[in-house]
Structures are given as structure tokens and as C-alpha cells.
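The values are calculated or read from the model by the stated rules, or taken from the named source; none is laboratory data. Remember, predicted model here, so these are calculated numbers, not experimental data. When we count neighbours, we look across all protein chains shown, and the Cβ atoms used for this are built from the backbone with ideal geometry, even at glycine. Keep in mind that these areas ignore ligands, DNA and RNA; they rest on the heavy atoms of the full protein, side chains included. Shrake-Rupley method; radii C 1.70, N 1.55, O 1.52, S 1.80 Å.
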Amino acid sequence: MEVAEASKIVENVQRDIDIAFVNELSIVLPRMGVDVDEVLEAADTKWSFHRHYPGIGVGGHCIPVDPYYYLEASNNSGAPSRLVPIARKINEEMPVISASSILNSIEGGAEKKRALVLGYSYKPNIGDTRMTPVQKLAEKLNDEGMEVLVWDPHVESENIPSWIHHVEDPMGVFELEVVILATAHNECINLDWEKLLLNTPTRKIFDGRRAMKASEMESLGWRYSGVGFP
């Protein structure tokens, strides 16, 4: 393996490991009654801390892919990686873990209830859907009987699976059980949340990217939950 190729792989593998750690914290800390976002914000006051953000999962064609090149190379070298498989497993499980958290909050079962998912691409403000974790999250909800509706102003409908209901206007859907912020597009963050609340009788929002302030959403009347939120 050439140095240039190895350096690119190592860069993405390191990011995958770092993200896996904060994703693990987002599972562990709430069980202690601690908000992962507050902990990371406090840690970020130290000059040497390199902050990453937890979320519903990792997508794209670099971070989820390059660890497997490294794993193959390490296996072939006779020194198999022990750290990378664990990090990859954590990040790959986050969409299902997040969906399970949402499902556990639904009273009376999920069947025939509607979830509005805001965002489908794997990162904000682009239309790239390669290996987006939103698909696995939506699959889990759909498997449990929920009707999944997706709004993404950056993604064309043909790039969203046919079993997901693509909506043109998030304000045009009603009787929602939960609203899920899955991709932190500017358009999603800056929605008219007071208006959308009228379409959501349960007032439930799940922030899959910790892009919104819990106190601000609660002041509008939303029942806020999210990745790493106790």
C-alpha cells in the first residue's frame, strides 16, 4: 500500500473511531442522567479536545467504507485490528438504536402511526444519499408498522426508496406521531416549528443530530428527545 493511499484511509478510520466514541457516550451517559451534548460542550473548553458529534449514524462513501479496506489490509498483514471492528459496529448500529428509542416512546404500539422524517441525505445541505443512515432508521420504523414520510429539499424523489412516502411540503402532512430531525439541513432547522406543532398531536420530536436546543423546542410546546438526551 502506498503512503498516500494509506494516509487517506487512516484519516477516515480515525474519524470513524472518534465518532463511535461519542456515539457510545450518547448511549451510556443518558443512563446516568447526563446529557451527552453538555458533557461534550464542557470537554470542548480544553484546547486539546477534538469535538465530534453523536447522531443517528455515519454515511457517505468514505468513513463507512475505508475502515473495511483497513481491516482487509490488517488481516492480510497478520495483525488483525481489534479496535476498528468495534467502532464500525457502534456506528452501524446507531440508526436502529435511534429508531428503537423512538419506538419505545410510542404509546399503544407503532402500527399505522405516522413519522415525519426531516432529511434523507447523509449530511447537511447536500443531496448525496450514499450509505445514508436515514434509510436504516426508516426501515426499522417501517418494519414496526409505522408510516414513514420523508421531506428533504435537497434530494429528488427518485433517490428515495419507493416504500418511503416522499412529501413535498412538511406542513402538508397531519396527525403525526413524531417528527424526526434526521439531517440537519438549514431548511429543516429553520422550519416554522410552531406551525408544524399543530400537525403533531403528541408534540413529540426526536433530534437525531442534536441540532436544536431542547429548551427552545420545549418553550414552543414540543416534547423534546434526541440522541444522547436523558
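Dipole check for region 65-149: with +1 at the C-beta of Lys and Arg, -1 at the C-beta of Asp and Glu, and the Cα centre as origin, the magnitude is about 140 Debye. Largest GNM mean-square fluctuation across Val96, Val179, Val39, computed for the chain with C-alpha springs under 10 Å, falls on Val39.
Shown here: semi-axes √(5λ) of the Cα gyration tensor in Å, derived from the displayed model; of the candidates (i) 32, 20, 16; (ii) 28, 22, 16; (iii) 56, 19, 15, it corresponds to (i). Rounded, prolate or oblate: pick one for region 77-152, where a ≥ b ≥ c are the square roots of the eigenvalues of its C-alpha gyration tensor, a/c under 1.5 means rounded, and failing that, prolate if a/b is larger than b/c, else oblate. Since a/c reaches 1.5 but b/c is at least a/b, the shape of region 77-152 is classed as oblate.
The mean accessible area for residues of the chain, using a 1.4 Å probe and ignoring ligands and nucleic acids, is 52 Å² per residue. When shorter helices are ignored and each DSSP H run of at least 4 residues is given -39500 (n - 2.57), the per-residue value for the chain at 222 nm works out to -13000 deg cm²/dmol. For region 214-230, the Karplus equation 6.51 cos²θ - 1.76 cosθ + 1.60, evaluated at θ = phi - 60°, returns couplings of 4, 5, 5, 5, 5, 5, 7, x, 6, 9, 8, 8, x, 4, x, 9, x Hz by residue, with Gly and Pro reported as x. Each Cα pair of region 159-222 feeds into the Kirkwood radius, which the Stokes-Einstein equation turns, at 20 °C and 1.002 mPa s, into a diffusion coefficient of 171 µm²/s. Maximal additional length on extending the Thr202-Arg51 stretch stands at 51.0 nm, based on 0.36 nm per residue less the C-alpha distance. Ignoring ligands, DNA and RNA, please state the percent of accessible area on the chain from carbon and sulfur, probe 1.4 Å. Using a 1.4 Å probe with all protein chains present, the chain comes out at 51 percent carbon and sulfur. With θ taken as phi - 60° and the Karplus curve 6.51 cos²θ - 1.76 cosθ + 1.60 applied, the whole-hertz 3J(HN,Hα) list for region 71-88 is 4, 5, 5, 5, 5, 5, 7, x, 10, x, 5, 9, 7, 4, x, 5, 4, 5 Hz, x standing for glycine and proline. Result for the chain in a Gaussian network model with C-alpha springs under 10 Å: among Gly108, Gly33, Gly145, the largest mean-square fluctuation is at Gly108. Residues whose amide H comes within less than 5 Å of that of Val150, counting only those at least five positions distant or on another chain, are Val117, His165, His166, Val167 (H built at 1.01 Å from N in the peptide plane). With the simple spin-label model, which puts each label point 7 Å out from Cα in the Cβ direction, the Glu41 to Lys213 separation comes to 0.8 nm. Connecting C-alpha atoms closer than 10 Å in a GNM of the chain, tell me which of Asn190, Asn91, Asn76 has the biggest fluctuation. Greatest mean-square fluctuation among the candidates belongs to Asn76.
The chymotrypsin sites (Phe, Trp or Tyr not before Pro) of region 1-64 that DSSP puts in a loop, and whose beta carbon has at most 12 other beta carbons within 10 Å, are Trp47, Phe49.
Relative to one another, the C-alpha centroids of region 161-223 and region 19-57 are positioned 23 Å apart. Just the accessible area for Cys188, please: 1.4 Å probe, Å², rounded to the nearest 10? My reading of the accessible area for Cys188 is about 0 Å².
Over 23 Å between Cα atoms: which of Lys113/Lys213; Lys112/Lys204; Lys8/Lys213; Lys112/Lys136; Lys113/Lys195 fall into that group? Violating the 23 Å Cα-Cα cut-off are Lys113/Lys213; Lys8/Lys213.
Each residue of region 178-192 was assigned a 3J(HN,Hα) from its phi angle through the Karplus curve 6.51 cos²θ - 1.76 cosθ + 1.60 (θ = phi - 60°); the sequence is 7, 10, 10, 7, 9, 9, 8, 4, 4, 5, 6, 5, 9, 4, 7 Hz, with glycine and proline shown as x. Taking trypsin sites (Lys or Arg not before Pro) across region 40-128, the ones in a DSSP loop with at most 11 further Cβ atoms lying within 10 angstrom of their Cβ are Lys46, Arg51, Arg82, Lys112. Taking all protein chains as shown and a probe of 1.4 angstrom, Val22 keeps an accessible surface of around 10 Å².
For region 1-105, a simple Cβ point-charge model (Lys and Arg +1, Asp and Glu -1, everything else neutral) yields a dipole of about 220 debye relative to the Cα centre.
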